[in-house]
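The values are calculated or read from the model by the stated rules, or taken from the named source; none is laboratory data. In this text, all values refer to a predicted model and were calculated from it rather than measured experimentally. Here the Cβ positions follow ideal geometry from the backbone for every residue, glycine too, while neighbour counts run over all protein chains shown.
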Amino acid sequence: MSTKQVVIIGAGLGGLSAAIHLAARGCRVIVLEKNARVGGKMGELQAAGYRFDLGPSVLTMRSVVADLFATADRQLSDYLTLLPVDPLTRYFYPDGSRIDVRRELADLIDALEAFAPGDVEGYLAYLAYAARLHRLTGQAFVYGPPPSLASLAQFSPFDLLRIDPLRTMSGAIHSFVRDPRLRQLLGRFATYIGASPYLAPATLNVISYVELAGGVWYPQGGMYALAQAYERLARELGVEIHLNTPVRRIVVREGAVQGVEVEAGEVVPAAKVIANVDVATVYADLLPGGAVPARVVRRILGRALSSSGFVLLLGLKGRHPELAHHNIFFSRAYRGEFEEIFFHDRPPTEPTVYVAITSKTDRSHAPRGGENWFVMVNTPALGSGWNWETRCGAYRNLVLARLAGHGLDVRPEIQYERILTPLEFAQVSGAYRGALYGASSNQRLAAFLRPHNRSPYVGGLYFAGGTTHPGGGAPMVTLSGKVAAGMLLEDWRK
Ligand SMILES: Cc1cc2nc3c(=O)[nH]c(=O)nc-3n(C[C@H](O)[C@H](O)[C@H](O)COP(=O)(O)OP(=O)(O)OC[C@H]3O[C@@H](n4cnc5c(N)ncnc54)[C@H](O)[C@@H]3O)c2cc1C
């Protein structure tokens, strides 16, 4: 066995990112993936002449993706074309009003002048505030290793207050803008990490900054082109990717990793293993009993979870020129939606509905005259409160009726349809109870409670992916792969 052999469990974006960083530094990397394709939550489907992305639809933080290619001395543009999306999103409200959040600030200000003229200044002040959050928290919470007391000590008391940990996201938003529709729009960014704007700390207003200031990108060919580009680069660097190869357990002896055992029985030796699987799933299913103290496992498995999602993939025979690439149809009672998700363990009765249509940008994704709709609603993770097996059809009808309530009754136009529930998300990627972003961020110290990228219990075990630092979402898990690889190499040098 080469001493520099690393096994990575899972070929999600975080696992592939870690593989690229390690292979670019001369390690032998073996990726073991249970599915027949790479990408994990990012997938694609072709059916009845339509093409769909199965998971992520919004890509932000282009520079994070470009940096991954640069780490291997490659140009992103040789692997992937990222097209700017404008408007970033079109927002529709129950009172019939709507606003396009435009890419250029000047265009957005024009739109705001017409939509909420009294809030233009407040919006700009909010943007400056979110930019400051990004500047203050970037290195300590996002781009570097996990935050620690030492990293916090670098903040002056004044800056600690300016990262705004004591208010909620919505509390801060309320102090900047008055129009309830604009408050709803800015609060919506909490859902990018599966949280509620009424509970998550105001520091997380940083999420809106990366989209509103940095823009939204669309990988030509579909979101899945991103996973394919990571796969291509990894293979070029010599990474061995074994598909259809589920790992049954991580082999641990005397507190240190020895390798992994695949379902077929073979043991692949390695002194270092990176798990790209949900951390809770690793603790519950992949580590042998006793490797981690039982109270720690109970604590990790008992944590409140981020939200999951209900997705309808709709192949429509008609076109809807009033819609953009990304669209949000807001509900009347936004707070109530999050209360249903996080306190009552049920999907919202009157949900906000997101509709992404890649055929707006890529005509080939739907037959002539048609559109491919990715319709998503936030739901709780799997729990005792809701049975998707029996209630899936009724909820599908409710979501389509909500769209009809916004004047978009597409039911007669459906040529192809597929439903994805939290059950599928749990099964496809190993997401613990189907939660899309791991432990909940609905609490003040969320950034400190995230499982660390280096296991404190098992020597040689590291984590990369959306349930560890710095968090979920395509760019964040890309960073997470970088952090895990960096820690592994640092330990190897010791
Ligand atoms: C519906 C939906 C919408 C989303 N929207 C967005 C969005 O618009 N923008 C955005 O940035 N993000 C979005 N996300 C989140 C984003 O997709 C994830 O944060 C990110 O893709 C997760 O990457 P990951 O590295 O954590 O790996 P995952 O995607 O979780 O992949 C883990 C991999 O591990 C493999 N695996 C699990 N167990 C084993 C085992 N025992 N043996 C071998 N392999 C195993 C799985 O098969 C999988 O391939 C969305 C997610 C979903 C589901």
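Tabulated data
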| item | result |
| --- | --- |
| Residues that are of a type outside the set (A, V, I, L, M, F, W, C), within 16 Å of Tyr224 (Cβ to Cβ) and away from the ligand (no atom under 14 Å from the Cβ), drawn from segment 27-81 | Gln46, Tyr50, Arg51, Tyr79, Thr81 |
| All strands (runs of 3 or more DSSP E) inside segment 234-305 with 2 or more residues being within 14 Å of the ligand (Cβ to nearest atom), in the same structural domain as Arg25 (by TED's automatic domain parsing) and under 23 Å from the mean Cα position of the chain (by Cα) | 272-275 |
| Among residues of segment 445-459, those that are in a loop (DSSP other than H, G, I, E, B) and hydrophobic (A, V, I, L, M, F, W, C), counted | 2 |
| Yes/no for Gly385 being in a loop (DSSP other than H, G, I, E, B), modelled with pLDDT of 95 or more and out of contact with any strand residue (DSSP E or B) (no Cβ under 6 Å at 6 or more places or on another chain) | no |
| Condition broken by Arg183, with the remaining ones in (1) in contact with a strand residue (DSSP E or B) (Cβ under 8 Å, 6 or more places away or on another chain); (2) away from the ligand (no atom under 13 Å from the Cβ); (3) closer than 25 Å to Pro380 by Cα satisfied | (1) |
| Failed item in (1) crowded, with 22+ Cβ neighbours inside 10 Å; (2) over 19 Å from the mean Cα position of the chain (by Cα); (3) within 12 Å of the ligand (Cβ to nearest atom), with Tyr91 passing the rest | (3) |
| Enumeration of residues in segment 223-233 that are in a helix (DSSP H, G or I), of a type outside the set (Gly, Ala, Ser) and under 26 Å from Gly434 (Cα atoms) | Tyr224, Leu226, Gln228, Tyr230, Glu231 |
| Residues satisfying the stated conditions in segment 306-333, i.e. more than 16 Å from the ligand (Cβ to nearest atom), farther than 21 Å from Glu211 by Cα and either buried (at least 22 other Cβ atoms within 10 Å of the Cβ) or of a type outside the set (A, V, I, L, M) (or both) | Gly315, Leu316, Lys317, Gly318, Arg319, His320, Pro321, Glu322, Ser331, Arg332 |
| Failed condition for Arg51, given (1) in contact with a helix residue (DSSP H, G or I) (Cβ under 7 Å, 6 or more places away or on another chain); (2) charged (D, E, K, R); (3) in a loop (DSSP other than H, G, I, E, B) | (3) |
| Residue in segment 477-492 that is in a loop (DSSP other than H, G, I, E, B), touching a Pro at 6+ places or on another chain (Cβ under 8 Å), more than 8 Å from the ligand (Cβ to nearest atom) and not β-branched (Val, Ile, Thr) present | no |
| So Gly171, is it closer than 28 Å to Ala435 by Cβ, more than 14 Å from the ligand (Cβ to nearest atom), modelled with pLDDT under 95 and under 25 Å from the mean Cα position of the chain (by Cα) | no |
| Criterion (basic (Lys, Arg) and out of contact with any Pro (no Cβ under 7 Å at 6 or more places or on another chain)) met by exactly one of Arg90, Arg103 | Arg90 |
| Candidate set from segment 406-428 (those that are surrounded by 15 or more Cβ atoms within 10 Å (Cβ to Cβ) and either more than 20 Å from Pro351 (Cβ to Cβ) or not assigned by TED's automatic domain parsing to the domain that holds Glu389 (or both)); member that is nearest to the ligand (Cβ to nearest atom) | Val428 |
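Condition check ((1) surrounded by 19 or more Cβ atoms within 10 Å (Cβ to Cβ); (2) closer than 30 Å to Thr168 by Cβ; (3) free of Cβ contacts under 8 Å to residues at least 12 places away in the same chain; (4) touching a His at 6+ places or on another chain (Cβ under 6 Å)) across all residues:
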| residue | (1), (2), (3), (4) |
| --- | --- |
| Pro201 | yes, yes, no, no |
| Gln228 | yes, no, no, no |
| Ala256 | no, no, no, no |
| Gly289 | no, no, yes, no |
| Val296 | no, yes, no, no |
